[in-house]
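Values in this text are rule-based calculations from the coordinates and carry no lab data. None of the values given here were measured: they were computed from a predicted structure. Heads up, the Cβs are rebuilt from the backbone with ideal geometry, glycines too, and the neighbour counts pull from every protein chain shown.
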Amino acid sequence: MLSVRPKVAELVFQLYGRPLHPELFEVFDQKTVRRGDFEAVLQITSAGHVVTWRYQGLTLTEVAASAQHPLPQKRRLFSYRLKGERKDRVECRGGAIYQCTFALEPVDPQVFWTFQQELAQDGQRKGMLYNFKSSGRMAVGALSYIYFETRQRSLIVQAFHTFPDDYAIVKTQSIFETPLRT
């Protein structure tokens, strides 16, 4: 199984109002979390990550993937190229809310290697971490790290994906919230 990342310039960040077929992705690590009335499956994939969040018949699927990756368009709520910084918010039926912030940060090589080392150390203690093989150009491969926190009504997911060939870091933060009960 090849575990080398696509080029950072090819990345997209998408949200679907439906589950996506698991065979669409090459998954390297996976975790299921349940809290209150929601459940989520978090996956590290070849290009980034997939988070599938379910709450009372509602499913939201967040995907960080290559634009070359063939994904459906049916019930896709948004799709953005991963460049610069962006925020978005989606209010769903029944009062559930999804919010995200993502950024692609090109950095100096020294900053990149320091960040990559710190990410590897944090990943050993908490969250999910996957070390990709080197592309051949650099001696060290990329990293993907997902940290998540659950609360009674929400799931917060922070993901970091490094791209050594480009000295770039993709940072995402997403919040999935169930509605307030009255």
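Tabulated results
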item	result
Sparse-neighbourhood loop sites, GluC sites (Glu not before Pro) in the range 1-69 - DSSP loop, at most 16 other Cβ within 10 angstrom	Glu26
Alpha carbon Rg of the range 41-182, scaled by the compact-globule rule 2.2 N^0.38 Å	1.11
Around Thr45: net Lys/Arg minus Asp/Glu count, Cβ-Cβ under 11 Å	-1
Sparse-neighbour loop sites [trypsin sites (Lys or Arg not before Pro); the range 102-164; at most 14 other C-beta within 10 Å; DSSP]	Lys126, Lys133, Arg137, Arg151
Nearest 10 degrees, 0 to 90: helix 109-125 Cα axis against the chain principal axis	50
Label-point gap, in nm, between Leu180 and Ala67 - each point 7 angstrom along Cα→Cβ	4.1
Extension gain from Arg151 to Arg76, taking 0.36 nm per residue of separation minus the Cα-Cα distance	24.3 nm
Calculated [θ] (222 nm, deg cm²/dmol) that DSSP helices of n ≥ 4 give over the chain, each run adding -39,500 (n - 2.57)	-3000 deg cm²/dmol
Selection from Gly17, Thr52, Tyr130 lying farthest towards where the dipole of the range 8-177 points positive, charges on Cβ	Gly17
Fully extended contour minus Cα-Cα distance, from Glu23 to Val107, at 0.36 nm per residue	26.9 nm
